[in-house]
Amino acid sequence: MLTSMITQIKQLLKQKNAVLVAHYYVSGDLQTLAEETGGIVSDSLEMARFGRNCVADTIIVAGVKFMGETAKILSPEKTVLVLDDKATCSLDEDCPIAEFSAFCDQHADRTVVVYANTSAEVKARADWVVTSGSALSVVKHLHQQGEKILWAPDKHLGNYVNNETGADMLLWQGSCVVHERFKADALIALQKQHPEAATLVHPESPQAVVELATVVGSTTALINAVKNREEQTFIVATDNGIFHKMHEVAPHKKLIEAPTMGTGADCESCAHCEWMAMNTLEKLLETLNNPQNEIKIDKNIAQQAQYSIQKLLDFTEK
């Protein structure tokens, strides 16, 4: 059944000149399929950039809605489909455009920097869009230029960037429902059980968890740490969907989920985004047979959001 479904999907992708781009947090089946069919597995911005640069007419995004929007912003002439238009993100939901725009208006003297995990409308309202991998370098650059920052939406990532750069930052108070669950007390207990392990933490996690890290970094940085570091055991504090790629790049290394519940809780760790889990092979096949969940963005919003994203792309290329 599974083999037959995958065969059908591969045939339809080719027939429709479509490419599958998948995030590190979706199921391993979707990640493998993306790579086997000429797509990519990456973070949201690289997914969008890959879609823009490839020859496919249709980009199918295995991820969440804002990722589909980012792909559409960079490829306005292409058809962009998501597998489930109800798959959203708590950071996106925590930053509604009307409230955010009013907040920006109240602090008009600040440069608005938003994380990629936001709606097209919020990106359009921003001066800069950044990723977790680029946030430090962009904010450091702006700080050196004497600019004051209005940051949104993730308060934990914003706090991490603030501590590392010393910039004048005003933080919107959003958070990721997965990363906010990581608990420092339980992580300390786990580290004592595995003193040989390196601890890898995504900066969307609370400060008390970040302070326990051997490596703090984006999804790509954490995967590279597993691949390149000498340790054979890693405690990983991010969505457990990333384990598929980590096992792929370092099959002989041991990976342990960081605890998302306190000591003594029934669930030691359940670090997986419920919205990412809505992406399935069945929905991919349905999307290919009956194209739906197409991403459409107002032209003016898309153009302004593209400008904010392009500033980051130009900056990182330099």
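Placing +1 on each Lys and Arg Cβ and -1 on each Asp and Glu Cβ, with no other charges, gives region 89-160 a dipole about its Cα centre of roughly 300 debye.
Rg(Cα) of region 182-318 divided by 2.2 N^0.38 Å?
That works out to 1.32 for region 182-318.
Counting heavy atoms of the protein chains alone, His23 has an accessible area of about 10 Å² for a 1.4 Å probe. Distances between placed amide hydrogens fall under 5 Å for Ile235 paired with Ala198, Thr199, Leu200, Ile256, all partners being 5 or more residues away or on another chain. Charge dipole of the chain (Cα centre as origin; +1 on each Lys and Arg Cβ, -1 on each Asp and Glu Cβ, all else neutral): 680 debye, rounded to the nearest 20. With an a/c value of 1.5 or above and a/b larger than b/c for the gyration tensor axes a ≥ b ≥ c computed over the alpha-carbon atoms, region 142-240 is described as prolate. State the percentage of accessible surface on the chain attributable to carbon and sulfur atoms; use a 1.4 Å probe and exclude ligands, DNA and RNA. Carbon and sulfur together cover 47 percent of it. Of the residues Leu2, Val139, Gly51, the one whose Cα sits farthest toward the positive end of the charge dipole of the chain, with +1 on the Cβ of Lys and Arg and -1 on the Cβ of Asp and Glu, is Gly51.
Summarised in one figure, the compactness ratio Rg/Rh of region 43-95, Cα atoms and Kirkwood Rh, is 0.97.
Annotation: the antiparallel percentage among DSSP beta bridges lying fully within the chain is about 5. Taken per residue, the accessible surface of region 165-318 reaches 48 Å², heavy atoms only and a 1.4 Å probe. Helices in the chain, meaning DSSP H runs of at least 4 residues, each add -39500 (n - 2.57). Divided by all residues, the mean residue ellipticity at 222 nm is -13000 deg cm²/dmol.
Counting only residues at least eight positions apart within a chain, or on another chain, the lysines with an alpha carbon under 18 Å from that of Lys86 are Lys65, Lys72, Lys283, Lys296. Geometric descriptor of region 77-136, per residue, is 123 Å³ (volume of the convex hull of the Cα atoms). Between the listed residues Ile301, Pro259, Pro206, the Cα displaced farthest toward the positive end of the dipole of the chain, a dipole computed from Cβ unit charges relative to the Cα centre, is found at Ile301.
How large is the convex hull of the C-alpha atoms of the chain per residue, in Å³?
138
Remark: region 179-272 carries a charge dipole of roughly 220 debye about the Cα centre, counting +1 on each Lys and Arg Cβ and -1 on each Asp and Glu Cβ.
Across the chain, the mean sequence separation of Cα contacts (distance under 8 Å, 6 or more residues apart), normalised by length, yields a relative contact order of 21 percent.
The values are calculated or read from the model by the stated rules, or taken from the named source; none is laboratory data. Predicted model, so just to flag it, every value in this text is computed and none were measured. As a convention, Cβ positions derive from the backbone with ideal geometry for all residues, glycine included, and neighbour counts pool all protein chains shown. Heads up: the accessible areas ignore ligands, DNA and RNA and are worked out on the full protein's heavy atoms, side chains in. Shrake-Rupley method; radii C 1.70, N 1.55, O 1.52, S 1.80 Å.
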